[in-house]
Amino acid sequence: MFLNGAAMRGGPLHHQLRGAPLVGTARSAPRYRYFSVGDRFPAMYEVGEGGGSVLGEVYDVPLSVLREHLLPAEPAELEIGVIALADGAACLATVLRESWLDSPELVDITGYGDWRAYLAARPS
């Protein structure tokens, strides 16, 4: 599972992984727009052209943990999807639901490509 927000190491939702092992850090293929949703969480959306790469962490998450802990805690704006990593591998991830693309809460942060870097750059 590719994670790119608060469930990454050191994040406030990391406990939801229930000890799932970290496989490693990774970048998505450069075909996603990356959004801040009201500065509450990030969201990826595949665009093919004009996208960027997103930094994240890949975990070996048991399906029971995904079903019972991760997915129930996801906001309504996100759904499970399959993304492409920069090395060509496919990976599960949560992605923005198409129905939320017009939300006024979305701020395009594709240029950052990293949730933590975006948060650190916001004005206090």
Between the modelled labels at HIS15 and ARG40 (7 Å from Cα along Cα→Cβ) the distance in nm is 2.0 nm
Which FRET efficiency value, to the nearest 0.05, is calculated for LEU63 and LEU119 with the Förster distance at 30 angstrom and r the Cβ-Cβ distance?
0.50
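Tell me, in nm to one decimal, what length is gained between ASP87 and VAL47 on full extension, where the rule is 0.36 nm per residue of separation less the Cα-Cα distance?
Using 0.36 nm per residue and subtracting the Cα-Cα distance, I get 12.6 nm.
Rule-based calculations on the coordinates, nothing more; no lab input. For clarity, every value in this text was computed on a predicted model and none was experimentally measured. Because the Cβ atoms are built from the backbone with ideal geometry, glycine has one as well, and the counts that use them run over all protein chains shown.
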